[in-house]
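Quick notes on the structure that follows.
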Amino acid sequence: MHRRPARARGAKRVVVPTRVYHPGPPIADEASLRQAAEALRERDPELIDRLMAIGGPPPLRRREPGFAGLAAIIVSQQVSVASAKAIFGRLEARIVPLEAARFAIATEDDLRACGLSTPKIRALRALSEAVAEGGLDLAGLAALDAENAHAALVAVKGVGPWTADIFLLFCLGHPDAFPAGDLALQEAAKLALKLKTRPDAARLERIAERWRPWRGVAARMLWAYYRGLKERSGMVLAEASGSGRSRDLRPGAPR
């Protein structure tokens, strides 16, 4: 039986839908990513070969699973890559080190000077409070199963399912994390699978069942494929999401 994670102070009371992640060794480095990619190719060779012909090998993009890593994902929501990089760079330069306790005492002027919006300031303050006061143990999330780690993250106000899945995918290296609400992922699936319409999150979840337990690798490949199509054709493709609505061709996790 899964233990229900403690509700962090500053967290919202939500009914977390049941999510199921297949366990597997983490995608920790390039070698483990190659092994997982080959295992996924054996399961769906025609599609994976087509994705890689356009997008190349999937990128790793691992980040440290701490406050700064999750803050970077939140900063990346709903903005372009360039904007996210600039804002996060200013944040790292102004709050040194970029840790929960230091963020908690930053002034509103400091945070606005970095380019953070009011909703992102609220989300990051809730996160810093939860981490600093022990309601959210970011360092301990890797020891939890993915379902409980995801639930602990979305219990913090301002951290939604997309943000939590991106953290599982790029900070914890979970092989089966799959942010189905990402618009670029949905558009990539539409193009790769020759669908008439872009699948919504529920439909994409169903489609992705064929890629378990390596849905996280499939997501990397779909994002790379999507970006590769644009680079090759110059076509205007749907904008990717940050919590489903960002302006970039990649997931919100920073490079």
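The values are calculated or read from the model by the stated rules, or taken from the named source; none is laboratory data. In this text, all values refer to a predicted model and were calculated from it rather than measured experimentally. Backbone-built Cβ (ideal geometry, glycine too); neighbour counts: all protein chains shown.
Annotations
- Flag for R90 being of a type in the set (K, R), out of contact with any Ser or Thr (no Cβ under 6 Å at 6 or more places or on another chain) and modelled with pLDDT of 95 or more: yes
- Comparison of A100, A39 shows that the only residue that is among the small types (G, A, S), surrounded by 14 or more Cβ atoms within 10 Å (Cβ to Cβ) and not assigned by TED's automatic domain parsing to the domain that holds A224 is A100.
- Residue pairs meeting the criteria (Cβ under 9 Å; at least 6 apart or on separate chains; first surrounded by fewer than 16 Cβ atoms within 10 Å (Cβ to Cβ), in segment 14-25; second modelled with pLDDT of 60 or more and among the hydroxyl-bearing types (S, T, Y)): P25/S32
- Scan of segment 183-242 for residues that are basic (K, R) and either at pLDDT 95 or above or surrounded by fewer than 16 Cβ atoms within 10 Å (Cβ to Cβ) (or both), ordered by number: K190, K194, K196, R198, R203, R206, R210, R212, R215, R220, K230, R232
- Residue-level analysis places A142 among those that are modelled with pLDDT under 95, in a helix (DSSP H, G or I) and either more than 12 Å from the chain's Cα centre (by Cα) or at negative phi (or both).
- Of the criteria (1) in contact with a helix residue (DSSP H, G or I) (Cβ under 9 Å, 6 or more places away or on another chain); (2) loosely packed, with under 15 Cβ neighbours inside 10 Å, which one R63 fails: (2)
- Here D176, D109, D165 are screened, and the one residue that is assigned to a helix (DSSP H, G or I), under 22 Å from Y21 (Cβ atoms) and not basic (K, R) is D165.
- Some residue of segment 70-85 being within 20 Å of R215 (Cβ to Cβ), touching a Pro at 6+ places or on another chain (Cβ under 9 Å) and not basic (K, R): yes
- Boolean, V96 is more than 20 Å from the chain's Cα centre (by Cα) and on the phi < 0 side of the Ramachandran plot: yes
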